[in-house]
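Q: The structure is given below, and queries will be raised subsequently.
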Amino acid sequence: MNDAPVSAGILPVTPYRQNCSLVWCPVSMKGAVIDPGGELPRIEHAIAAKGVSVEKILLTHGHMDHAGGATALSQKLGVPIEGPHQGDRFLLDSLAEQGASFGLSGAENCTPDRWLEDGDTHTVGEAVLGVRHCPGHTPGHVVFYNRAAKLAFVGDVLFKGSIGRTDLPGGSHAQLIASITERLWPLGDDMRFVPGHGETSTFGFERKTNPFVADAVLGGA
Ligand SMILES: [Zn+2]
Ligand SMILES: [Zn+2]
């Protein structure tokens, strides 16, 4: 497949400093917003500053800091919402409630135009974004990756030096470990990832150093 490397800009939003990402094809300048949790004026400013023509909103999972602003942004830009996997429907149906109980004002419930499955692909201009279903933090969590740029957007599955929490509704520690080792590691050690919070890293670095999922920790080697 003809796969152009995506360009990406990261914009931490909400009091949770959630890494909303703007990704675009540098050839066509068509792009997508991943996880617009809130602070839409800042996101819209970034879109205009980069000159990106946004075609869709992509969601990794149904927590308010990732998806709370999706409905409003979709209406403003007139673009569809794609993802996550339908396992997160119960969370997207309760975004307003999540926002109210955690003090995040303006979070709105969300009904995606398309649910995603493991192995799906998106095109953003001439760039291809693959989809991996990675349950564990939430049942319907997905990650997006672009092979040409060796760049993945993993939401709250994996962080630099840590992994997603599994004590929230629908969480499963065993599933999360399986998602990371069976669905992320095969994408390659040199794949850089943008986590939902905090700094970027690479899968290879985490396989060496992450106290939860390093090869030496899991394999007992
Ligand atoms: Zn989350
Ligand atoms: Zn999060």
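Q: If you go through region 35-50, how many residues are open to solvent by 10 Å² or more (accessible area, probe 1.4 Å), among the hydrophobic types (A, V, I, L, M, F, W, C) and in contact (Cβ under 8 Å) with a residue 24 or more places away in the chain?
A: The qualifying residues number 3.
Q: Which of the residues belonging to region 113-131 are open to solvent by less than 50 Å² (accessible area, probe 1.4 Å), part of a strand (DSSP E or B) and free of Cβ contacts under 8 Å to residues at least 60 places away in the same chain?
A: Listed by number, the residues that qualify are Gly130, Val131.
Q: Take the residues in region 6-27 that are in contact with a strand residue (DSSP E or B) (Cβ under 8 Å, 6 or more places away or on another chain) and of a type in the set (Ser, Thr, Tyr); name whichever of them is farthest from Phe193 (Cα to Cα).
A: If we take residues in region 6-27 being in contact with a strand residue (DSSP E or B) (Cβ under 8 Å, 6 or more places away or on another chain) and of a type in the set (Ser, Thr, Tyr), then Tyr16 is farthest from Phe193 (Cα to Cα).
Q: So how many residues does region 134-159 have that are open to solvent by 30 Å² or more (accessible area, probe 1.4 Å) and more than 16 Å from ligand 2 (Cβ to nearest atom)?
A: Of the residues in region 134-159, 4 are open to solvent by 30 Å² or more (accessible area, probe 1.4 Å) and more than 16 Å from ligand 2 (Cβ to nearest atom).
Q: How many residues does region 160-178 contain that are crowded, with 24+ Cβ neighbours inside 10 Å and within 11 Å of ligand 1 (Cβ to nearest atom)?
A: Of the residues in that region, 1 qualify.
Q: Quickly run through region 187-221 and pick out the residues that are within 18 Å of the chain's Cα centre (by Cα) and open to solvent by 60 Å² or more (accessible area, probe 1.4 Å).
A: Arg192, Glu199, listed by residue number.
Q: Now for a different question. Go through region 16-65 and count every residue that is closer than 18 Å to Glu108 by Cα, of a type in the set (A, V, I, L, M) and not in a helix (DSSP H, G or I).
A: Counting residues in region 16-65 that are closer than 18 Å to Glu108 by Cα, of a type in the set (A, V, I, L, M) and not in a helix (DSSP H, G or I) gives 5.
Q: Taking interchain pairs and intrachain pairs at least six residues apart, which have beta carbon atoms under 6 angstrom, with the first residue in region 1-29 and under 22 Å from Thr121 (Cα atoms) and the second among the polar types (S, T, N, Q)?
A: Pairs that qualify, where the first residue is under 22 Å from Thr121 (Cα atoms) and the partner is among the polar types (S, T, N, Q), are Val6/Asn146; Ala8/Ser21; Ile10/Asn19; Ile10/Ser21; Trp24/Ser7; Pro26/Ser7; Met29/Ser53.
Q: In region 141-162, which residues are in a strand (DSSP E or B) and either under 14 Å from the mean Cα position of the chain (by Cα) or farther than 16 Å from Phe212 by Cβ (or both)?
A: Val142, Val143, Phe144, Tyr145, Asn146, Leu151, Ala152, Phe153, Val154, Gly155, Leu158, Phe159
Q: Just to verify a result, which residue in region 66-92, among those that are within 16 Å of Phe102 (Cβ to Cβ) and in a loop (DSSP other than H, G, I, E, B), is farthest from ligand 2 (Cβ to nearest atom)?
A: Kept after step one, since they are within 16 Å of Phe102 (Cβ to Cβ), are these residues of region 66-92: 66-69, 91-92.
This time we only want the ones that are in a loop (DSSP other than H, G, I, E, B), so: 68-69.
On the way: Gly68: 11, Gly69: 13 Å.
Ranking the candidates gives Gly69 first.
Q: A further question follows. If I go through region 51-77 residue by residue, how many of them are touching a residue at least 60 places away in the same chain (Cβ under 8 Å), touching a helix residue (DSSP H, G or I) at 6+ places or on another chain (Cβ under 8 Å) and open to solvent by 10 Å² or more (accessible area, probe 1.4 Å)?
A: 1
Q: Suppose we keep only residues that are closer than 15 Å to Phe144 by Cα and touching a helix residue (DSSP H, G or I) at 6+ places or on another chain (Cβ under 9 Å) within region 20-33. Which one would you say is surrounded by the fewest Cβ atoms within 10 Å (Cβ to Cβ)?
A: Residue satisfying both the conditions and the ranking: Leu22.
Q: Among the residues that make up region 39-58, is at least one of them under 13 Å from the mean Cα position of the chain (by Cα) and aliphatic (A, V, I, L, M)? Break it down into steps so the answer makes sense when it comes.
A: Just the residues of region 39-58 that are under 13 Å from the mean Cα position of the chain (by Cα), to begin with: 57-58.
Within this subset, residues satisfying the condition of being aliphatic (A, V, I, L, M) are 57-58.
Within region 39-58 (the criterion being under 13 Å from the mean Cα position of the chain (by Cα) and aliphatic (A, V, I, L, M)), the answer is yes, since at least one residue qualifies.
The values are calculated or read from the model by the stated rules, or taken from the named source; none is laboratory data. Worth saying up front: this structure is predicted, and the values here are computed from it rather than measured. All Cβ positions, glycine included, derive from the backbone under ideal geometry; neighbour counts span all protein chains shown. All accessible areas refer to the heavy atoms of the entire protein, side chains included, with ligands and DNA or RNA removed. Shrake-Rupley method; radii C 1.70, N 1.55, O 1.52, S 1.80 Å.
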